[in-house]
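Please read the structure below before turning to the comments.
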């Protein structure tokens, strides 16, 4: 790792008590023990959005990859990689598009919505790193502690996608850029 390599944080997010909402947590759990570059950190943030915002606030990470259940196009289990830009984060606090795959803008200390976490980071005075959301369309988001079949079937591919994205981003120097959106069914 050279001094110019990007530092990457992979954050699994979601509520394991709400079925498919636990997708991101399961992906990072399966990544535990994976061989990754030294400049890639993988962590389970669950529903601790405020903690994630503070983790990113210190500026140690150049790239943030959030793994979450999001309402992307396609049937349950569809995976997508979305690059989140500053315009999305800096949008108005109210009147968000209800069809926005990244979720509502409200901050909830016991919840986790990607854009809300990034808006909190901005309100705290932090700079946005490069941000990706690796999302999976959920089938079931209700009180249960297991993933639905289509989402469970997507986890291994999501692990591969997140690992590839994290390694690609970690290998580039801080001035490099990559393609911003990819979708997999």
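Derivation of every value follows stated rules applied to the coordinates shown; laboratory data play no part. Here the structure is a predicted model, which means the values were calculated and not measured. Ideal geometry is used to build each Cβ from the backbone, glycine not excepted, and the neighbour counts take in all protein chains shown.
List of remarks:
- Segment 8-170 shape via C-alpha gyration tensor axes, a/c threshold 1.5: oblate
- Neighbour counts of other Cβ atoms within 10 Å put 26, 143 in the fewest-to-most order 143, 26.
- Segment 8-170: relative contact order as a whole-number percent, Cα under 8 Å and 6+ apart: 36
- Put in line by how crowded their Cβ is, counting other Cβ atoms within 10 Å and starting with the fewest, 17, 132 read 17, 132.
- D (Stokes-Einstein, µm²/s), Kirkwood Cα radius, segment 1-70, 1.567 mPa s at 4 °C: 103
- Beta-bridge orientation, segment 8-170: approximately 25 percent antiparallel, per DSSP, counting only bridges with both partners inside.
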